[in-house]
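The values are calculated or read from the model by the stated rules, or taken from the named source; none is laboratory data. These figures come from a predicted structure and were not determined experimentally. Note that each Cβ is placed from the backbone with ideal geometry, even for glycine, and that neighbours are counted across all protein chains shown. Heavy atoms of the whole protein, side chains included, go into the accessibility calculation; ligands, DNA and RNA do not. Shrake-Rupley method; radii C 1.70, N 1.55, O 1.52, S 1.80 Å.
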Amino acid sequence: MQTCETEHHPYVGLWVTADGHVRHELLPNGRYDEARGTRESAYQGRYEVEGNYIRYWDDTGFTADGTFRDGVLYHGGMVLYRQ
């Protein structure tokens, strides 16, 4: 897997649930910053992308994964849209 090291990677940027409660920003340096509700930077960590598959490791050691399909990110039971 490779980290997204360029801001031109198609998945870098802000992903948001339809209700705006979860805001998940994939940064160009392979890190992410996730806000939930009024809590900014609720979770932070790193990610790697291979094809349309994404894997996350937060700074506490929790892991998760997801997939990008048709411009939508499916992650941890959530559906996130590109902002």
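Some observations on this one:
- With the Kirkwood sum run over all distinct C-alpha pairs, the chain has a hydrodynamic radius of 12.5 Å.
- Placing R0 at 30 angstrom, the Cβ-Cβ distance between D65 and D19 gives a FRET efficiency of 0.85 after rounding to 0.05.
- Surface analysis of the chain yields an accessible area of 60 Å² per residue, using protein heavy atoms and a 1.4 Å probe.
- Sequence-separation-based contact order of the chain, relative, with Cα cut under 8 Å and 6+ spacing, percent: 24
- Net charge contributed by nearby residues that have their C-beta within less than 10 Å of E40 (K/R +1, D/E -1): +1
- The chain, accessible surface, carbon-and-sulfur percent (1.4 angstrom probe): 45
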